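The values are calculated or read from the model by the stated rules, or taken from the named source; none is laboratory data. All values derive from a computational prediction rather than experimental measurement. FYI the Cβ positions are ideal-geometry reconstructions off the backbone, even for glycines, and counts take in every protein chain you see. Note: areas computed on protein heavy atoms with side chains; ligands, DNA, RNA excluded. Shrake-Rupley method; radii C 1.70, N 1.55, O 1.52, S 1.80 Å.
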Amino acid sequence: MSRMLTFAAAAALTLAVGTSPVAAQDFRALARQDLQRIHDELAANHPAPAVPGAASQNFRSWLDAGLQESLGMIGQVNSGDSHAYLLRYYAGGFRDSNIRVDPTWEGSGPYFGISWPGFTTGWRDGRYVVTYVKPGTRGAPRVGDVVTECNVTPIEEFARGKLDRWEGNLETEAGRVRSAPYLMWNRNNPFAAGVPSQCSFQSGRGRPRDLQIRPIPVVAGDLEAAYRATVYMPPATPLAVETVNGRPWLHVHSFADTAGWPAFNAAVEAQAATLRGPQGFVLDLRAASGSGENSSTARGYGLANRIWTPEFTVSRQPAAGDITYRATQGNRDWYAAALGRMEADPYFVQESMAVIEQTRELVAAYDAAIAAGQPTFTLAGRPAVPDTGAPNPVQGPVIVLVDAGCSGGCLDTLDLLSKLPNVRIAGSTTATDSIFVEPTMMRLPSNYSDLSYGHKAWTSRPRPNNQPYTPAQGLTYTGNPTDETAVRAWVGTLFQ
């Protein structure tokens with residue numbers, strides 16, 4: 001796949017996204033037109049309807065049915081939050097992390113809630129477990145108690161109604177982990193229950209006991225403390241190099257361009273000899289979110305090249321294989337507009353002429369397919385590179401630490417790292433992503449949300465659709481993910 005093209009097109013598109021004033025605050029009407037626009041845009045231009053196979057089945061079954069289900073809830077939309085939730089519900093029903101609807105305004109964030117019971121739950125070993133209790137909370141369960149039911153509803157059914165598609169994809173382990181703290185919170189979502197009135201908790205092997213749940217006001221800092229005690233959150237400095245137990249520990253908790261990559265890459269280059277030493281090192285990718293665009297993928301590949309050298313990694317990079325494009329006027333116009341912005345940028349012309357040529361060829365391929373009445377066309381991506389015979393410069397073992405926050409470009413990076421010798425992936429199960437890649441982004445009519453979706457199908461991707469990375473037996477961390485001392489001690493045992 002042309003990763004250079006992905007980044008250039010995405011960057012060019014970003015320049016084109018603008019804003020316009022919203023004429024009215026009728027959130028029901030705004031939600032209705034936004035839902036219809038999401039449906040129509042995806043129906044017209046998303047590659048899934050034109051690509052056979054299991055990866056497209058859920059898209060086809062949800063596109064119309066999900067729209068009708070979502071429109072049936074329009075009557076409960078009465079605010080910006082409810083508008084955002086309903087659009088998120090429709091987008092989440094596709095079970096495709098590359099189909100997203102994000103607010104254009106500052107959203108609620110991970111620590112938002114309007115009330116809570118003074119305790120929080122996490123997803124641990126297939127169960128919802130109490131992970132945090134605010135000191136002084138009366139009548140609360142104990143940390144470690146397992147939730148068995150709420151509001152006289154089995155906890156699995158309750159959780160799906162409260163969280164699935166609203167807060168995360170409960171079909172995935174990562175979706176469970178990231179949304180679990182919200183099981184007991186009121187997040188101002190009118191479509192789901194707020195703080196439950198009664199839940200049952202089991203301690204050890206004892207019989208579950210019923211507790212009346214009473215919501216309490218949110219005090220500043222409460223919910224952040226609860227969430228951080230449940231789900232690993234990256235530090236304020238996401239990129240850093242330190243020494244832990246006598247070996248380098250590389251922190252890569254973000255793939256954002258603004259994370260400080262120039263200084264971090266310089267530090268990695270300065271310590272390359274140490275990183276390649278017999279003691280080995282840790283590459284910490286927990287919470288390393290990425291959009292899946294070339295900018296995030298290139299960050300990971302660039303880091304690997306600085307450690308292992310491009311001569312060694314090139315033959316181990318996954319082959320792109322065939323890429324299928326849906327031949328629609330909308331997709332063609334997206335690339336044509338991106339090409340126009342590239343050609344109008346003198347710096348881009350000077351630095352990235354190869355990308356411009358690739359984009360010209362792609363627009364021409366769209367024109368030819370549309371003229372011929374073809375629904376799709378397929379272009380060959382970068383082929384596999386034969387092994388160059390370059391020696392592995394890294395002498396010691398490497399532990400790549402991951403968790404549910406590893407997504408997008410982090411997964412692309414694991415596609416390479418997992419093929420390098422003496423590298424073991426440890427921690428917990430990552431997020432997933434679909435084979436429908438390279439984002440189109442568009443402002444929805446309300447001006448309150450942006451739709452993003454993958455507009456080409458990587459049908460030959462070696463990693464299957466929606467397939468996470470799951471550490472092998474013996475490499476799975478089962479302790480408290482937020483106890484950094486315990487995590488580091490456990491990682492140290494993997495080098496023994």
What are the residues in segment 361-390 that are touching an Asp or Glu at 6+ places or on another chain (Cβ under 9 Å), open to solvent by 70 Å² or more (accessible area, probe 1.4 Å) and modelled with pLDDT of 90 or more, if any? THR378
So ALA180 ticks every box in (1) assigned to a strand (DSSP E or B); (2) surrounded by 19 or more Cβ atoms within 10 Å (Cβ to Cβ); (3) out of contact with any Pro (no Cβ under 9 Å at 6 or more places or on another chain) but one. Which box is left unticked? (1)
Could you list all residues from segment 87-110 that are at pLDDT below 95 and part of a loop (DSSP other than H, G, I, E, B)? SER97, ASN98, THR104, TRP105, GLU106, GLY107, SER108, GLY109, PRO110
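If you take the residues of segment 328-378 that are assigned to a loop (DSSP other than H, G, I, E, B), more than 30 Å from the chain's Cα centre (by Cα) and of a type outside the set (Gly, Ala, Ser), which of them is farthest from LYS456 (Cα to Cα)?
As a first pass, look at segment 328-378 and keep what is assigned to a loop (DSSP other than H, G, I, E, B): 328, 344-345, 352, 372-375.
Retained after the next criterion (residues that are more than 30 Å from the chain's Cα centre (by Cα)): 344-345, 372-374.
When the remaining residues are screened for being of a type outside the set (Gly, Ala, Ser), the result is 345, 374.
Values: ASP345: 25, GLN374: 15 Å.
Ranking the candidates gives ASP345 first.
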Go through segment 96-110 and give me each residue that's of a type outside the set (S, T, N, Q), open to solvent by less than 60 Å² (accessible area, probe 1.4 Å) and at negative phi. ASP96, ILE99, VAL101, ASP102, PRO103, GLY107, PRO110
Residues in segment 48-86 that are modelled with pLDDT under 95 and outside any helix (DSSP H, G or I): how many? 5
In segment 119-164, how many are surrounded by 23 or more Cβ atoms within 10 Å (Cβ to Cβ) and in a loop (DSSP other than H, G, I, E, B)? 2
Return the pair list, or none, for Cβ contacts closer than 7 Å from residues in segment 192-215 that are more than 15 Å from ILE155 (Cα to Cα) to residues that are surrounded by 16 or more Cβ atoms within 10 Å (Cβ to Cβ) and at pLDDT below 95, at least 6 apart or on different chains. none
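Of the residues ALA298, ALA320, which single one is in contact with a Phe, Trp or Tyr (Cβ under 9 Å, 6 or more places away or on another chain), in a loop (DSSP other than H, G, I, E, B), modelled with pLDDT under 90 and under 28 Å from THR459 (Cα atoms)? Don't jump to the end; show me each part of the working.
On the way: ALA298 fails: in a loop (DSSP other than H, G, I, E, B).
Going through ALA298, ALA320 in turn, the sole match is ALA320.
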Starting from residues that are over 13 Å from LEU451 (Cα atoms) and in a loop (DSSP other than H, G, I, E, B), keep the ones in segment 25-47 and report whichever is least open to solvent (accessible area, probe 1.4 Å). PRO47
I need every pair where a residue in segment 107-129 that is closer than 22 Å to SER428 by Cβ has its Cβ under 8 Å from the Cβ of a residue that is open to solvent by 10 Å² or more (accessible area, probe 1.4 Å) and part of a loop (DSSP other than H, G, I, E, B), sequence separation at least 6 or different chains. PRO110/MET233; THR120/ALA229; ASP125/THR478; VAL129/GLY144
Any residue in segment 400-421 that is under 32 Å from the mean Cα position of the chain (by Cα), free of Cβ contacts under 8 Å to residues at least 60 places away in the same chain and more than 30 Å from THR230 (Cβ to Cβ)? yes
Just name the residue that is farthest from the chain's Cα centre (by Cα) out of those in segment 183-214 that are surrounded by fewer than 16 Cβ atoms within 10 Å (Cβ to Cβ) and within 25 Å of PRO481 (Cβ to Cβ). ARG205
Which one of these does ALA287 not meet: (1) under 23 Å from PRO383 (Cβ atoms); (2) touching a Gly at 6+ places or on another chain (Cβ under 7 Å)? (1)
